[in-house]
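Down below is the structure, laid out as structure tokens.
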Amino acid sequence: MRLVRVFRLADLVSLSISSVAPVFSIAAAGGAMMGAAGTGTFWAILLIGLPFLLSSVVFRLLNQHFPHAGASYHWSRRILGYRMARFQSWILFWAYFSSLPPIILPAAAYSADLLGLPVFRAQMLLGIGAIWVVVAVGVLLGGSRVVAGITKTFMLIEFGSLLVFVVVGIMHGNSSLGVFFRFPGVSQWHGVWIAAVIGATALDGWEIDSYAAEESRQPRKDPGWGGIVGAIGALAIYFVVYPIMIQDVGLHRLANSLNPWMLWGHRLFRHHQTLALLPVLVSTAGSLWLTAYILTRIMFAMSRDRELPAWISQVNRRGVPARATIMILGLALGVVSLEVIMPSVDGFFNLILSLAGLFLTLEFLLDSLTAAVFLFKLHPGWFPDAWTPHRHWGATVAAYLSVVLLFLLVVGFFLYAPHIIGPTADAIALGILLAGIGFAMRGRRPSQRFWVFQPEWDGLDLAEEE
């Protein structure tokens, strides 16, 4: 039931930066964001980016006190209690699992393009997607060292390509950058709000180092810093890339396009599409196994607490929860199979992407609420690692501000989603949330005990719920 502690700070930083997958995020979410927000895209990025930056500070605080493979799930159970932790785990599952199919399908399409194969054949896309799932399983089962090494290599390719695109894009620019920073009119703000929630899928991923806490060599010191660097880095990249891309291609062409990155690549490298395909494929592949990494660690922690079947927490000789890894990616491939044969793949893709953004926003809202409760009521008090008198004034302000901003984003999503995304968006989201409440309330409580990771002696301890 124990993971192997191998990650250094540099590994955690590279995981957090790579998990954001900026090139893939631009390709997958950029068109939907620009379609919803229009000239207000900058403000949509800022609207979701600010609370995410605040959340990264909150994650750092919680990692200092409670490093754990389950991260959000464990923090909720320790601070808010059993029922809230079950609801949090439901949100976590949908936040990350609903992000996997929109990764697998584009990975298949980019691979087919790169190989010169027809992308309109459903069986071919499904087959290539299955190959990528097998590759992701292989990388993850290889252990944390393999994940860190391959991720660093892919990150260098992705960021090198980004630098080339930015430099060439500036040289080819033919319009003013001012349109990107224009303040939205009153009628635009509903679209900006929806674009911000969709943008959660473009900015998330930095939190992966929290779920790697039990695999860190310094669990109380390093996890959380990678997340802060990743969140800041992602915002900086988008604030540089989006205005240049809009300047080069034009907002009217990018809005609602299925792949704005490739449109930009065609504009810059008309006869060398491989230069655009390779970085987006590398970014997509890395995002696939890193998203699965987060979800498998959550399930591992829940299984260890007997919230899921015990076999899920079994690890292989490299310290990897192998069965959880295979199960999660296998289920994601099954969802992709349904998506490929649906009449409107585009509509379904956008709906899944939008709901993934909603649940990611809810995840960080609940994490910030957890931190706010901890700082207001329990610190320094219940927990041994909090006995030394000290206060976290900056983290306290960050937690409260993050709660308010993320709550407003969630409310805005439910108000505006039917007009922008479709009439079924609210109904599906509410149905999943109600099912989550049922999951939290109906769960049989086998024990008040749960496992706590103790990095000081590299072991586990049983804690009692109050």
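No value in this document is a laboratory result; all are computed from the given coordinates. Values in this document were obtained by computation on a predicted structure and should not be read as measured data. Positions of Cβ are backbone-derived with ideal geometry, glycine not excepted, and every protein chain shown enters the neighbour counts.
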Under the Karplus relation with 6.51, -1.76 and 1.60 and θ = phi - 60°, whole-Hz ³J(HN,Hα) for the range 26-40, x at Gly and Pro, equal 5, 5, 8, 10, x, x, 5, 5, 5, x, 7, 9, x, 5, x
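Can you tell me the length gained on complete extension of the stretch His272 to Phe239, counting 0.36 nm per residue apart and subtracting the Cα distance?
Numbers: separation 33, 0.36 × 33 = 11.88 nm, distance 2.59 nm.
Contour length minus Cα-Cα distance gives 9.3 nm.
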For the ranges 239-246, 429-436, what's the packing order if you count other beta-carbon atoms within 10 Å of each residue, average per peptide, and put the highest first? 239-246, 429-436
Match the structure shown to one of the listed values [x] 27; [y] 10; [z] 16 of percent of Cα pairs over 43 Å apart, computed from it, and give that label. [y]
Counting only trypsin sites (Lys or Arg not before Pro) that sit in a DSSP loop (anything but H, G, I, E, B) with at most 10 other Cβ atoms within 10 Å, what is the longest stretch of the chain containing none of them? 1-269
Can you bin the range 112-232 into rounded, prolate or oblate? Criterion: square roots of the alpha carbon gyration tensor eigenvalues sorted a ≥ b ≥ c, rounded for a/c under 1.5, prolate for a/b above b/c, oblate for the rest. oblate
Label point at Arg8 placed 7 Å out along Cα→Cβ; residues across the range 210-246 whose backbone nitrogen lies under 16 Å: 216-219, 222-223, 226
Please give, to one decimal in nm, the separation of the simple spin-label points placed at Lys221 and Leu117, each 7 Å out from Cα toward the Cβ. 4.7 nm
Would you calculate the separation in nanometres between label points at Arg253 and Val167, each defined as 7 Å from the Cα along the Cα-to-beta-carbon direction? 2.3 nm
